[in-house]
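Peer 1: Here it is, the structure in full.
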Ligand SMILES: Cc1ncc(COP(=O)(O)O)c(C=O)c1O
């Protein structure tokens with residue numbers, strides 16, 4: 001992650017104290033389009049053909065008219081209700097955002113006050129930290145446990161009781177460790193602290209095949225919000241569309257932090273088309289799960305230190321320095337994410353899982369640069 005720092009010579013108006021103390025959160029996302037992108041857990045094949053068709057057919061006046069959202073939440077609710085859901089969701093339990101990033105931002109803005117605690121795990125998705133910092137929150141990051149990066153349940157339970165955090169952020173399965181936490185355990189945690197809002201970031205739920213939505217009754221568990229996105233499995237990362245699902249009172253509160261037209265017309269059109277083609281997404285997920293098994297076998301049989309669990313990504317500890325492998329793979333046209341400096345996983349790289357032919361390209365390039373004695 002790159003950062004920008006305050007200029008000491010700045011004599012103009014200062015922002016809020018918290019903002020002055022922050023650095024810009026930017027991910028290294030430039031110049032990636034021609035390469036094999038195994039660095040951001042995106043869909044490596046692209047969205048359903050229905051999405052491309054719908055976008056091509058957008059009439060010209062949709063560009064000059066503000067976006068319209070009629071039917072969008074109904075379409076999302078219908079799509080979710082076809083999955084394993086305990087009680088059918090209604091539209092008042094869903095809000096749509098300009099990507100899950102915007103949902104996370106709105107949630108912190110709505111709930112996080114100066115001095116409040118955010119309780120989360122480490123290592124986890126990076127955007128929770130700046131969102132807490134901009135609110136002036138204090139961050140409690142509990143490390144995953146042991147070589148298998150197990151969820152730190154006991155420590156989280158204890159901290160919930162001791163510190164009474166305002167927000168708990170659980171990424172399930174966790175990016176980047178793939179750690180999963182059972183829906184029952186999540187609900188048990190939420191029951192311990194009814195005044196804490198639990199945000200369950202389910203961006204990679206499709207690759208785990210299990211969601212807290214299959215167990216929750218939002219009328220009974222009012223302090224839990226689930227985040228889902230069309231970025232990864234549906235392949236709409238560039239258009240930015242994600243949603244939050246929760247009790248209608250929680251949804252109403254985070255909705256107040258949205259601008260009236262935060263989601264653009266192209267994203268809306270693409271979302272309708274993507275939601276119509278669940279078969280495309282299901283088939284893509286199946287291909288990734290097969291590729292996950294394939295690469296897992298390769299890693300095991302070749303004794304490569306790795307951790308692979310529930311997401312469309314895995315961690316690998318190369319023999320060489322992680323920056324050397326990152327650089328060498330880039331020269332071969334393959335992008336991966338260096339985990340240098342991250343708690344517990346320093347020295348590793350995170351590799352997104354694409355379809356099997358893409359994993360073969362990765363494996364051949366990796367074995368060529370990391371250890372010539374491997375048999376690809
Ligand atoms: C765990 C997690 N949450 C949220 C996001 C952001 O999702 P979106 O593209 O919907 O903003 C990402 C993106 O990488 C992620 O890994």
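Read the figures in this text as sums done on the coordinates, not as results from a lab. In this text, all values refer to a predicted model and were calculated from it rather than measured experimentally. Positions of Cβ are generated from backbone atoms using ideal geometry, with glycine treated the same way; all protein chains shown enter the neighbour counts.
Peer 1: Nearest 500 deg cm²/dmol is fine: what mean residue ellipticity at 222 nm does the chain get from its DSSP H runs of n ≥ 4 alone, each adding -39,500 (n - 2.57), divided by its residue count?
Peer 2: Numbers: 14 runs with 140 residues, N = 376.
That calculation yields -11000 deg cm²/dmol at 222 nm.
Peer 1: Something else now. Using label points projected 7 Å from each Cα along Cα→Cβ, tell me how many nm separate residue 52 and residue 355, to one decimal.
Peer 2: 1.2
Peer 1: In nm, what is the difference between 0.36 nm times the number of residues separating residue 83 and residue 195 and their Cα-Cα distance?
Peer 2: Working: separation 112, 0.36 × 112 = 40.32 nm, distance 2.89 nm.
Once the chain is fully extended between residue 83 and residue 195, it gains 37.4 nm.
Peer 1: Please arrange 230, 208 by counting, for each residue, the other beta carbons lying within 10 Å of its beta carbon, fewest first.
Peer 2: Values: 230 28, 208 16.
Result, fewest neighbours first: 208, 230.
Peer 1: Just order 9-16, 284-291 by mean Cβ neighbour count inside 10 Å, highest at the front, would you?
Peer 2: Working: 9-16: 7.9, 284-291: 18.0.
Highest mean packing first, the order is 284-291, 9-16.
Peer 1: Can you give the FRET efficiency for residue 319 and residue 343, using 1/(1 + (r/R0)^6), R0 = 22 Å, r = Cβ-Cβ distance, to the nearest 0.05?
Peer 2: Details: r = 22 Å, r/R0 = 1.00.
Plugging the Cβ-Cβ distance into 1/(1 + (r/R0)^6) gives 0.50.
Peer 1: Once you place label points 7 Å from the Cα toward the Cβ at residue 9 and residue 272, how far apart are they in nm?
Peer 2: Computed distance between label sites residue 9 and residue 272 equals 5.3 nm.
Peer 1: What does DSSP give for segment 114-167 in terms of the percent of beta bridges that are antiparallel, rounded to the nearest 5?
Peer 2: Numbers: 1 of 8 bridges.
Close to 10 percent.
Peer 1: A further question on this structure: Can you classify segment 214-267 as rounded, prolate or oblate using the Cα gyration tensor, where a ≥ b ≥ c are the square roots of its eigenvalues, rounded means a/c under 1.5, and otherwise it's prolate if a/b beats b/c and oblate if not?
Peer 2: Working: a/c = 4.01, a/b = 1.49, b/c = 2.69.
Oblate, because a/c is 1.5 or more while a/b does not exceed b/c.
Peer 1: I would also like to ask the following. Which three lengths, in whole Å and largest first, does segment 201-317 cover when its Cα atoms are put on their principal axes?
Peer 2: Projected onto the principal axes, the Cα atoms of segment 201-317 cover 52, 35, 27 Å.
Peer 1: What length, rounded to one decimal in nm, is gained on full extension from residue 64 through to residue 364, with 0.36 nm per residue of separation minus their alpha-carbon distance? Write down the numbers at each step before the final one.
Peer 2: Working: separation 300, 0.36 × 300 = 108.00 nm, distance 4.82 nm.
Stretched out fully, the residue 64 to residue 364 stretch lengthens by 103.2 nm.
Peer 1: Still on this structure, I have one more. Provide 228, 256, 37, 292 in ascending order of the number of other Cβ atoms located within 10 Å of each residue's Cβ, fewest first. Don't skip to the end; give the middle numbers.
Peer 2: Details: 228 25, 256 9, 37 19, 292 22.
Fewest to most other Cβ atoms nearby, the residues stand as 256, 37, 292, 228.
Peer 1: When the chain is fully extended, how far beyond the present Cα-Cα distance does residue 279 get from residue 302, taking 0.36 nm per residue of separation? Show your work: numbers first, answer last.
Peer 2: Working: separation 23, 0.36 × 23 = 8.28 nm, distance 3.48 nm.
Here the segment from residue 279 to residue 302 would lengthen by 4.8 nm.
Peer 1: Just want the ordering: 151, 40, from fewest to most Cβ atoms lying within 10 Å of their own Cβ. Don't jump to the answer; show the numbers that get you there.
Peer 2: On the way: 151 21, 40 17.
Final ranking by Cβ density, sparse to dense: 40, 151.
Peer 1: Based on the alpha-carbon gyration tensor of the chain and its eigenvalue square roots a ≥ b ≥ c, which shape applies: rounded if a/c is under 1.5, prolate if not and a/b is larger than b/c, or oblate?
Peer 2: The shape class here is rounded.
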